[in-house]
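The values are calculated or read from the model by the stated rules, or taken from the named source; none is laboratory data. Nothing here was measured: the structure is a model prediction, and the numbers come from that model. Counting neighbours? That spans all protein chains shown, and the Cβs are built from the backbone with ideal geometry, glycine included. To get the accessible areas, we keep the full protein, side chains included, count just its heavy atoms, and leave off ligands, DNA and RNA. Shrake-Rupley method; radii C 1.70, N 1.55, O 1.52, S 1.80 Å.
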Amino acid sequence: MQNDHLQRWRLILGKKADAQSEVQLESELQGMDDTLDALYDSEREGGLGISSPNVYRWLGDIRRYFPTSVVQVLQKDAIERLGVSEILRSPELVAQLEVDVNLASTLVALKEIIPQETKETARELVAKIVRQLEERLQNPMREALEGALHRGIRNRRPKWNEMDWHRTIKANLKHYQAEFNSIIPEQLIGYGKKGQSLKNVILLVDQSASMASSVVYASVFGAIMASIRSVRTHFIAFDTKVVNLTEYLDDPVDLLFGTQLGGGTDIANAMTYAQTLLDHPNDTIIVLISDLYEGGNVSVLYEIVQNIQHSGAQLIGLLALNDEGKPSYDRTIASHFGNMEIPVFACTPDRFPELMAAAIKKESLDGFVTR
């Protein structure tokens, strides 16, 4: 038991903590130690260096010794430490990469330093990740929003693109024909005419480094919402400056590469810009995606937020939009927002469609808030 304890501490502290090799590691722990040492002490001979064969072998080793969540962290560190170009130039290495949200945010964050000859490979990787997210999130998002927007409007003679498939199937289950393995729909139910935009959604996205994965998810959701005619969607990214990226909403990859991850934060400045978009405040939802670590004037921020509230617009504060667990955030500002009756909480991507549907229907969001 004591030996196991020593081995774990030796693994945590690394080879330099045991210069005399007094603690002997079991074979699997030794393999884990070698892979960690190759990355975090790569200046020594035999480390990862710039040799493709070594990196290729190392990528295989980390997948062998560590779970996916740890692989993603090590992979991110490797890209930062070893130089992106080496990995992106090799199809074999690219094929080994664990594609996930963290990889997308890393590539987007490093886009300015990625060599020109590997930029297209980086973009293809980000596009692959975005497609995977869209496959997971598009249908739940569209169904939730369209259901919320048109719940009271029914069309008994719908065209194909107006069909409410869920309710049509439910209404015709009694007409199921076993021999055809099909439902014969005698009653069609559709959504009403969509006409002009019924809701305005402003995604106000903090692009500081701590919000990187949230930016990726927000970009995908923004593009999905922009494809729904009944929702007019704005995508505003900010750090100390504000950038309106709404024109890129038809392509979430372009949208992501339009962001600039890193830098400071001026939420007051971003909220001031959001005020200029309030053409129809009573039909507008502002989703502020930020950890609320304000680098600007906090008093000005509170004043602007109060003005937005008085205009009739809904304001929601999302401390994070990701699967990464409890976020770090400014508790003082979050508490002040709470006292102003502004809901503030973290949200997983899987719950975001439900959240937006509730906001559109102007239902209480208390169920989303972690007390």
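Simple point charges give the picture: +1 on the Cβ of Lys and Arg, -1 on the Cβ of Asp and Glu, and for the stretch 197-323 a dipole about the Cα centre of about 260 debye. Among the protein heavy atoms of the stretch 192-313, carbon and sulfur supply 47% of the accessible surface, probe 1.4 Å, non-protein parts ignored. Listed cross-link partners LYS76/LYS128; LYS76/LYS111; LYS326/LYS362; LYS199/LYS362 are compared with a 19 Å cut-off, the Cα-Cα value being larger for LYS326/LYS362. Shape class of the stretch 198-351 from the alpha-carbon gyration tensor: rounded, with the ratio a/c of largest to smallest axis under 1.5. Take ARG331: with every protein chain present and a 1.4 Å probe, its accessible area is about 140 Å². Taking a ≥ b ≥ c as the square roots of the Cα gyration tensor eigenvalues, with a/c under 1.5 meaning rounded and otherwise prolate when a/b beats b/c, else oblate, which class fits the stretch 280-339? Because a/c hits 1.5 or more and a/b fails to exceed b/c, the stretch 280-339 counts as oblate.
Once the 1.4 Å probe is applied to the protein heavy atoms, the stretch 164-305 comes out at 43 Å² accessible per residue. Net charge in the neighbourhood of GLU26 (other residues with Cβ under 12 Å of its Cβ; Lys, Arg +1, Asp, Glu -1) is -1. Amide H contacts of HIS234 (H built 1.01 Å from N, in plane; Pro and chain starts excluded): VAL201, ILE202, LEU203 sit under 5 Å, all sequence-distant by 5 or more or on other chains.
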